[in-house]
């Protein structure tokens, strides 16, 4: 037994373990974002939409993880002595109802995450022309349709999410949804880099990094999700056992990436259409700053001459006395997720 190699089982086990760790991160981010949204402006009802969206993602990813763990228990504990061992059980029961249920939950979470990425792309580019998001929108519709077909295929008798029946619809679905995420990630990253110079001209480095720092770009563009999708697609097409681990990790980031964006919204540090418009065109004569102290983190527009200067500037300071809660952006001026 000690000389045997079990690449499929090892990959599945590692994937489930990392999934469980990332699920804990997702859980913490959900409660943090819900807390910040809840203590925010009572007048703006859109915060309930963000909480409901985050809660839906959490429920879906919980279902996906529970189904994975259930399948693992059936494979390694309940039926470990079947002919051919756990690997044979895995192949024979890949279309079990609980496995299909988990697949449906993950695909649904992916559709919601892609929808958010499409909206974020509109936030960054909609001010220039709606045609700039037309192609991503078509990709989104195509990947959503193919995701539904893939889920149905994986649940039919003899179905297999990883190999298909006669025609494997999983590959085109993965290609479409990953291409969509690569495209939107590239568009958002390019837009962020394009406006970064304008922002650095009017904000201190510490303030600007909140919007255009490395962490901000990674989260706003969902870059880790796109990179993991590429790795998953490559290993899936090659039919490597490691594709199982990447499937679990990528499946968790389906929920984790949009949840990170929601958390930035709740903390008042996410980009909005207003912010993009101001910095995407010109900042001459105006600037956007954060609230000081513990009063607010809302973005406000002031004359450039009234802002606190950097370095040894003697420009008088402006004190923000917003009545909004700390850690929450002013939603009267916030028009996007």
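Readers should treat all values here as calculations from the given coordinates under stated rules, not as data from a laboratory. Keep in mind that this is a model prediction, so the values were computed, not measured. Cβ sites come from the backbone with ideal geometry, for glycine too, and all protein chains shown count toward neighbours.
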Using only the Cα atoms of segment 105-154, build the gyration tensor, take square roots of its eigenvalues as a ≥ b ≥ c, and label the shape rounded, prolate or oblate: rounded if a/c is under 1.5, else prolate if a/b is larger than b/c, else oblate.
oblate
Assign one of three labels to segment 46-134, namely rounded, prolate or oblate, based on the Cα gyration tensor with a ≥ b ≥ c the square roots of its eigenvalues; rounded applies when a/c is under 1.5, prolate when it is not and a/b is larger than b/c, and oblate otherwise.
prolate
Rank the residues 149, 195 as a footprinting-exposure proxy: fewest other Cβ atoms within 10 Å of their Cβ go first.
149, 195
So, with points 7 Å from each Cα along the Cβ direction, the residue 186-residue 70 label distance in nm works out to 4.0 nm
Going by how many other beta carbons lie within 10 Å of each one, how would you line up 121, 28, fewest first?
28, 121
Taking 0.36 nm per residue of sequence separation and subtracting the Cα-Cα distance, how much length would be gained by fully extending the chain between residue 98 and residue 156, in nm to one decimal?
19.6 nm
Per the 1/(1 + (r/R0)^6) rule, R0 = 30 Å and r from the Cβ atoms of residue 239 and residue 145, FRET efficiency to 0.05 is 0.75
Give the order of 253, 30 when sorted by the count of other beta carbons within 10 angstrom, beginning with the fewest.
30, 253
Shape call, segment 1-157: gyration tensor on alpha carbons, a/c limit 1.5
prolate
